[in-house]
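As structure tokens, the structure follows; a few thoughts come after it.
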């Protein structure tokens, strides 16, 4: 087996008490019509995962001044082309400035707060693992698809 190229991404789960803010993906080409983290995206060259999480939060839901808490780094694969090898950095956030809103309506059909105990269906599968881990426990390093 050869080496693969890893694509890094950062995810932010905004939490209020026992609720999480999710967006319904739309016209993205990946997991459309699935609920997902309100803010997530690729880590750009020269950026840390923390920087990417803050940038994505501003770009996707209009929030700033995030107090991020690291949850897990997930090594993920779909077993195919090199682009399918990923490292995802998941954060939670309970404090921020602004009110969440859909900033990119061409990529999001809806947004809402959901109890962690009653998530909507369907949720992006690897994100669902982390969401369940928020209440059941999750290790700082996790995997998906292996």
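Each 10 Å bin from 0 upward holds the following percent of the Cα-Cα pairs of the chain: 12, 43, 38, 7, 1. Under 1.5 on a/c is rounded, so check that first for the stretch 1-65, then, if it is not, pick prolate when a/b is larger than b/c and oblate when it is not; a ≥ b ≥ c are the square roots of the alpha carbon gyration tensor eigenvalues. Note, shape of the stretch 1-65 comes out oblate.
Distance from the Cα centroid of the stretch 1-58 to that of the stretch 65-139 is 6 Å (rounded to whole angstrom). With contacts taken as Cα pairs under 8 Å and at least 6 residues apart, the stretch 51-113 reaches a relative contact order of 36 percent.
Let me know the shape class of the stretch 91-134, please: from the alpha-carbon gyration tensor, a ≥ b ≥ c as square roots of the eigenvalues, rounded when a/c is under 1.5, otherwise prolate if a/b is greater than b/c, or oblate.
The shape class here is oblate.
Sorting the segments 134-142, 9-17, 107-115 by their residues' average number of neighbouring beta-carbon atoms within 10 angstrom, most packed first, yields 9-17, 107-115, 134-142. The mean sequence separation of alpha-carbon pairs under 8 Å and at least six residues apart, normalised by the residue count of the stretch 1-105, gives a relative contact order of 33 percent.
Only the coordinates and a few stated rules stand behind these numbers; no lab work does. Please read all numbers here as calculations on a predicted model, not as lab measurements. Counting neighbours? That spans all protein chains shown, and the Cβs are built from the backbone with ideal geometry, glycine included.
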